[in-house]
Amino acid sequence: MNAIETIFVTDWQAPVAPATAAHALDALEAGSVLRLPLPFVLQADEQSLLSPTLLSGARKNISYNPANDRVQGADGEAALEAQLRGFLGRYHRSTRTLIEHLFAPYAAQLIDGRTSYRPAEIAGRVPKSWRHDDTRLHVDAFPATPVHGRRLLRVFNNINPHGEPRRWRVGEPFADVAARFAPRAPKPSSLKSALMAATKITKSRRSGYDHYMLQLHDGMKADLAYQAQVPKTPVEFAPGETWIVYSDQVSHAVLSGRYMLEQTFYVPVAALQYPERSPLKVLEAVTGRALV
Ligand SMILES: [Fe+2]
């Protein structure tokens, strides 16, 4: 498996050749980052959105919810919000069409997550805590939003107008992360997950899967010796590049960059071509228990 796999798709709307699609799906589910020479071209009236001053307060991103057409995180009046709705809605529709063409087996079961625009520079930002420090290698897992095994599929695009890349590091394969951090994690507690759901700390009950994914996320970030020693591949995404990642599976760190778009989709394990490679199945094998 290669850390980065280039897929020659250059159009958001066009059908994808079957051989290209099969190769892309195999590489994605194996845990590669797919890199596409596919720019998201801004319209003339969207150029004014290339400014970090759009952000409200200390926020690092503007988010859009395709389910209710609402924008959060922007500082401004109704006209700006309408402009952001149009821009981010267009990114959502473009990425959805791309994913449906590239990964046809997912099309019927693909669930929309949020669209995110990150105009601010990552380098030099002081995170709220080590848990929020995305310059450390991690797999994505979010404390308040349990996924019960569903995959986090993310489509990124660098729209930087100054020629600056987005710089990442990619770490070791998921099976190695799981083998290292899951055995030392505490066991999930059904009492604790019921209490967190009842008190609205979590949006639904945290499954055993969510518990272990958070333990991996935190265990990786907290272990500075691991961060220093684990093999890592540096990668730069140039302006005009799209990259597609299962961010719950690919160990990644974000070092620098600004002006990036990201669309999240949720994919049920049942829709996968190779479910045995999913974090759910890998963690169930490592822990010897059913996790959803
Ligand atoms: Fe992440």
* Report the charge-dipole magnitude of segment 202-291 in Debye, nearest 20, computed about the Cα centre from +1 at each Lys and Arg Cβ and -1 at each Asp and Glu Cβ. => 280
* Structure fact -> In terms of the charge dipole of segment 4-287, which places +1 on Lys and Arg and -1 on Asp and Glu at the beta carbon, the residue among G124, A78, L50 farthest towards the positive end is G124
* For segment 4-287, build the charge dipole from Cβ charges (+1 Lys, Arg; -1 Asp, Glu) around the Cα centre, then report which of V267, T145, P173 sits farthest towards its positive end. => T145
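What is the antiparallel percent of DSSP beta bridges lying wholly in segment 4-287, to the nearest 5?
Details: 39 of 42 bridges.
Rounded to the nearest five, the antiparallel share is 95 percent.
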* Asked: In nm, to one decimal, how far is the modelled label at E276 from the one at A104, with both set 7 Å along Cα→Cβ?
  -> 2.5
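Do the sum for the chain: with -39,500 (n - 2.57) for every DSSP H run of n ≥ 4, divided by all residues, what is the mean residue ellipticity at 222 nm, to the nearest 500 deg cm²/dmol?
Working: 7 runs with 85 residues, N = 292.
Mean residue ellipticity, 222 nm, calculated: -9000 deg cm²/dmol.
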* **Over 29 Å between alpha carbons, listed pairs K60/K232; K128/K281; K60/K281** => K128/K281; K60/K281
* Structure fact -> About its Cα centre, segment 4-287 carries a charge dipole, from +1 on Lys and Arg Cβ atoms and -1 on Asp and Glu Cβ atoms, whose size in debye to the nearest 20 is 980
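Could you put R289, R154, R59 in order, starting from the residue whose Cβ has the fewest other Cβ atoms within 10 Å? Walk me through the intermediate numbers first.
Numbers: R289 12, R154 21, R59 15.
So the ranking, lowest neighbour count to highest, is R289, R59, R154.
Values quoted throughout were computed directly from the atomic coordinates according to the rules given, and no laboratory measurement underlies them. The structure presented is a predicted model; accordingly, all values stated were derived computationally and were not measured. Don't worry about glycine lacking a Cβ; one is built from the backbone with ideal geometry, like all the others, and counts go over all protein chains shown.
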